[in-house]
Number of protein chains: 2
Amino acid sequence: MQPWRFVRVTDLALRRQIHDLVEDERLRTATALGKRDDEFLSLKVQGVLDCGELLVAALCEAREQYVFGRRTLPEMDLASVSCAIQNLWLAARAEGLGMGWVSIFDPVALARALSMPEGSVPVAVLCIGHVEAFYPAPMLELTGWARVRPLDQLVFHNQWSTTKSVEGTHE
Amino acid sequence: MQPWRFVRVTDLALRRQIHDLVEDERLRTATALGKRDDEFLSLKVQGVLDCGELLVAALCEAREQYVFGRRTLPEMDLASVSCAIQNLWLAARAEGLGMGWVSIFDPVALARALSMPEGSVPVAVLCIGHVEAFYPAPMLELTGWARVRPLDQLVFHNQWSTTKSVEGTHE
């Protein structure tokens, strides 16, 4: 299907515009989070102005013509672009480059800024470039924002379960 | 967020039930495709009964509590599970194993078969195992079903375009 498109952003005015969109939504997210807003606002959630390469990943227009594999699951188009982004992420990391996937923006405003056609949807602002260091653990875990759950809470055996796991089940 | 769950299916009766769900949807997809239905029905779209390991990947329930990074793009949960599946896919390939992502099923019926809770959604039936050979090109391309589009039609520069590409643009 190849529903994915990438827009490479090198124009400085456009980069600033995207940065402002992310800042706007960052404040709105902080408000929506309520009591954790100060904590949230202290997190560094983007490098839109600083990174070496800025890409916007999007779903193309006219995706409704693709039926194969998505008659009951039309959202497989987003799965496709997500896999493409994950490949880019791993390739970047293998080259010693960092990447941040920013999803804190108003998609309608970003689509307008990039002259995207009706029916297309931006799904990621990707900040790529050299970094001072890689985090030893996910940033949200290091800051105490969230904890990584162990795999045995996430992998089940034959039936959905909130207690059993593959490891704990014997055939 | 870790919204992804994996259910490992080893029970043979359950595997047959999933196979039947895929067969049902395969016939419905063929009808929806109209004139290409004979051609479509000749495609091998799954190895649910034959593969060494069968996994169902799903989105967990109660995802609405996660606001960070998805206030304007709630579908980032599907992006997350898609990245997890892509990692699994690449890891399998690195071990010499093939993987097929089947999205041809009724998600409501599959959720019922696995006792999935309200609000959770299955997004992939994953067939993993040893294969006779890897395709030299995507199967849908080899069968003439679709053509891979070149990257310069999919990557743009600063603004969306249907004609320009990064390669064709000079700063």
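Which of the residues that make up segment A:29-69 are at the interface with chain B (Cβ under 8 Å from one of its Cβ atoms) and over 18 Å from the mean Cα position of the chain (by Cα)?
A:A32, A:L33, A:V67, A:F68, A:G69
Please verify whether segment A:21-43 includes one or more residues that are farther than 21 Å from B:L73 by Cα, among the basic types (K, R) and at pLDDT below 90.
For segment A:21-43, residues farther than 21 Å from B:L73 by Cα, among the basic types (K, R) and at pLDDT below 90: present.
Select from segment B:70-86 the residues that are at the interface with chain A (Cβ under 7 Å from one of its Cβ atoms) and part of a helix (DSSP H, G or I) and write down the one among them that is nearest to A:R28 (Cα to Cα).
B:M76
Hey, could you check segment B:87-97 for residues that are more than 10 Å from chain A (Cβ to nearest Cβ) and assigned to a helix (DSSP H, G or I) and say which is nearest to A:F105 (Cα to Cα)?
B:L88
For the list (1) part of a loop (DSSP other than H, G, I, E, B); (2) modelled with pLDDT of 90 or more; (3) farther than 30 Å from A:R36 by Cα, I need the number of the one condition that A:K164 fails.
(2)
Identify all residues within segment B:46-58 that are under 19 Å from B:L88 (Cα atoms) and surrounded by 13 or more Cβ atoms within 10 Å (Cβ to Cβ); write none if there are none.
Matches in segment B:46-58: B:Q46, B:G47, B:V48, B:C51, B:E53, B:L54, B:L55, B:V56, B:A57, B:A58.
Among B:V81, B:V67, which is the only one that is closer than 30 Å to A:L33 by Cα, among the β-branched types (V, I, T) and surrounded by fewer than 19 Cβ atoms within 10 Å (Cβ to Cβ)?
Going through B:V81, B:V67 in turn, the sole match is B:V67.
B:E23 fails exactly one of the following numbered conditions: (1) under 17 Å from the mean Cα position of the chain (by Cα); (2) facing chain A (nearest Cβ under 7 Å); (3) among the charged types (D, E, K, R). What is the number of that condition?
(2)
The values are calculated or read from the model by the stated rules, or taken from the named source; none is laboratory data. Predicted model only: the values in this text are computed from it and were never measured. So basically every Cβ, Gly included, is an ideal-geometry build from the backbone, and we count neighbours across all protein chains shown.
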